[in-house]
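Heads up: the structure comes next, in structure tokens.
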Amino acid sequence: MTLPSDPFWFYAVASALLFALSLRGFVLSPHAAARILSLNVMGSAIFLFFGAVSRRNWDRFPDPVPQAIVITGIVVAVSSTAVALALARRLASRRGGETG
Amino acid sequence: MLEGAFDLVLASFLVALGRSALQFEDLFRAVVLYIAYGLLMALAWSRLSAPDVALAEAAIGAGVTGALFLDAARDLKRAAKERKPRVGWRFAISLLGAVVAAGISLALIGILPESAESEGLTARVGQSLSEAGVSQPVTAVIMNFRSFDTWLELLVLLVAMSSSLVFHRTFRLHTLRSSWPHSSGPEPVLAALANVLTPCALAAGAYLVFRGSSGPGGAFQGGALLGAAGVLSLLRGRGELFRLRQRFFLSTAVAGVVAFLVFSLGTGLVGRAVLEYPPGLAGTLLLALEVASAVSIGVTLSVLFAAARPSG
């Protein structure tokens, strides 16, 4: 039974708020690093939602499948962040110190 | 009651910290707050009964990502061209964000209680756990039931590593010494800390890989710690870990993908379904695959950190 008072709701709502905040941050980012940072926060917000889903039955065992998916997601996120940062830095050095 | 209050406070702090991390006026401050946000997120994962994810988030999400950002913040902050939109646009975007948040929250309230009645795949995992070769369900899902996804994930890591190396003109694992502001090399505190922490990280990483069979841990968490040891060694400036020839070191990054390939060919040749573990050897084979994956993850994360630095 899922009660409105089960704690996982707090994390589900928090993930929605964080997603919205990072979306706003992404659109309003002044430079490339800020955009990459916003994407990372967005990703972790979505992962938090998965976590809340894995715990939707608070009195039973957690669902291991969303947790496995999130671990995969975290690793893929760090890979894309590394490539994005390398690209941004190479671009910055090529443009002689200007990134948009 | 008390339990819920703690989660409410934690979730609120998480949102507040995320909001602070998204203030981009000072990039360094934003990155540091992002690392703190990642660690608080790890705490939230623990509250959600997901210790494996908490370990992965702390090590990879906060640790490696934070290190990558701190390294890049120096160069990118200097190069940033300020592009602040007008006040009207900012308000409109904030309004859009609020609408998105409200919409998602309403959708959650509508969908989650219904889907909560379904057990999902928990029951299926529980039934098959005895033949999985490990007793930790998350590790069983990653390395056994969804091992194909893990194989492809290791391939993604390899692609990311190759891409980072392509952007680097002359890649040498020992170039970090030249990027220190003082010519005398790394600061003594960093050097001493790296001397102590590198072997600790190596030992803890190896332990986590083996622990994953019966408790929280596994290839990714252990591999992240091995990667942290590699990054510390690089920061130390001496590249002690990398006395090995560079080509040999880079080629160990394919260990995980190759191990899965060999395993899939083996199971195919023996007549079973591809990637299906033989019943008696499941535990041993899984552990072998985990060790290979952890090695390649550690090497890849170290190289990702090193290759993100500008050349020369």
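The values are calculated or read from the model by the stated rules, or taken from the named source; none is laboratory data. Owing to the predicted nature of the structure, the values given are computational and were not obtained by experimental measurement. Cβ coordinates were reconstructed from backbone atoms using ideal geometry, including for glycine residues, and neighbour counts include every protein chain displayed.
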Could we say that B:Ala58 is of a type outside the set (Phe, Trp, Tyr), at the interface with chain A (Cβ under 9 Å from one of its Cβ atoms) and either under 24 Å from A:Ile71 (Cα atoms) or under 22 Å from the mean Cα position of the chain (by Cα) (or both) here?
no
Here, helices (runs of 4 or more DSSP H) confined to segment B:1-79 with at least 3 residues that are without any contact (Cβ under 8 Å) to a residue 24 or more places away in the chain are B:2-21, B:27-47, B:65-79
When you scan segment B:117-151, how many residues do you find that are free of Cβ contacts under 8 Å to residues at least 40 places away in the same chain, surrounded by 19 or more Cβ atoms within 10 Å (Cβ to Cβ) and at positive phi?
0
Looking at segment A:4-38, which of its residues are assigned to a helix (DSSP H, G or I), closer than 28 Å to A:Ala88 by Cα and touching a residue at least 40 places away in the same chain (Cβ under 8 Å)?
A:Ala32, A:Ala33, A:Ile36
Pairs with Cβ under 7 Å, 6+ apart, first in segment A:52-76 and more than 7 Å from chain B (Cβ to nearest Cβ), second among the charged types (D, E, K, R)
A:Trp58/A:Asp6
Test: residue in segment B:293-307 that is closer than 22 Å to B:Gly215 by Cα and outside any helix (DSSP H, G or I):
no
Of the residues that make up segment B:114-121, is at least one touching a helix residue (DSSP H, G or I) at 6+ places or on another chain (Cβ under 7 Å), at pLDDT below 80, at the interface with chain A (Cβ under 9 Å from one of its Cβ atoms) and not in a helix (DSSP H, G or I)?
yes
If you go through A:Leu17, A:Leu23, A:Leu87, the only one that is facing chain B (nearest Cβ under 7 Å), under 24 Å from B:Ala101 (Cβ atoms) and surrounded by fewer than 22 Cβ atoms within 10 Å (Cβ to Cβ) is A:Leu23
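Residues checked against (1) within 14 Å of chain A (Cβ to nearest Cβ); (2) touching a residue at least 40 places away in the same chain (Cβ under 8 Å):
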| position | (1), (2) |
| --- | --- |
| B:Val254 | no, yes |
| B:Leu265 | no, no |
| B:Leu269 | no, no |
| B:Leu285 | no, yes |
| B:Thr300 | yes, yes |
| B:Phe305 | yes, yes |
| B:Ala308 | yes, yes |
Do the conditions hold for B:Leu154, that is, is it surrounded by 19 or more Cβ atoms within 10 Å (Cβ to Cβ), out of contact with any Phe, Trp or Tyr (no Cβ under 6 Å at 6 or more places or on another chain), modelled with pLDDT under 80 and part of a helix (DSSP H, G or I)?
no
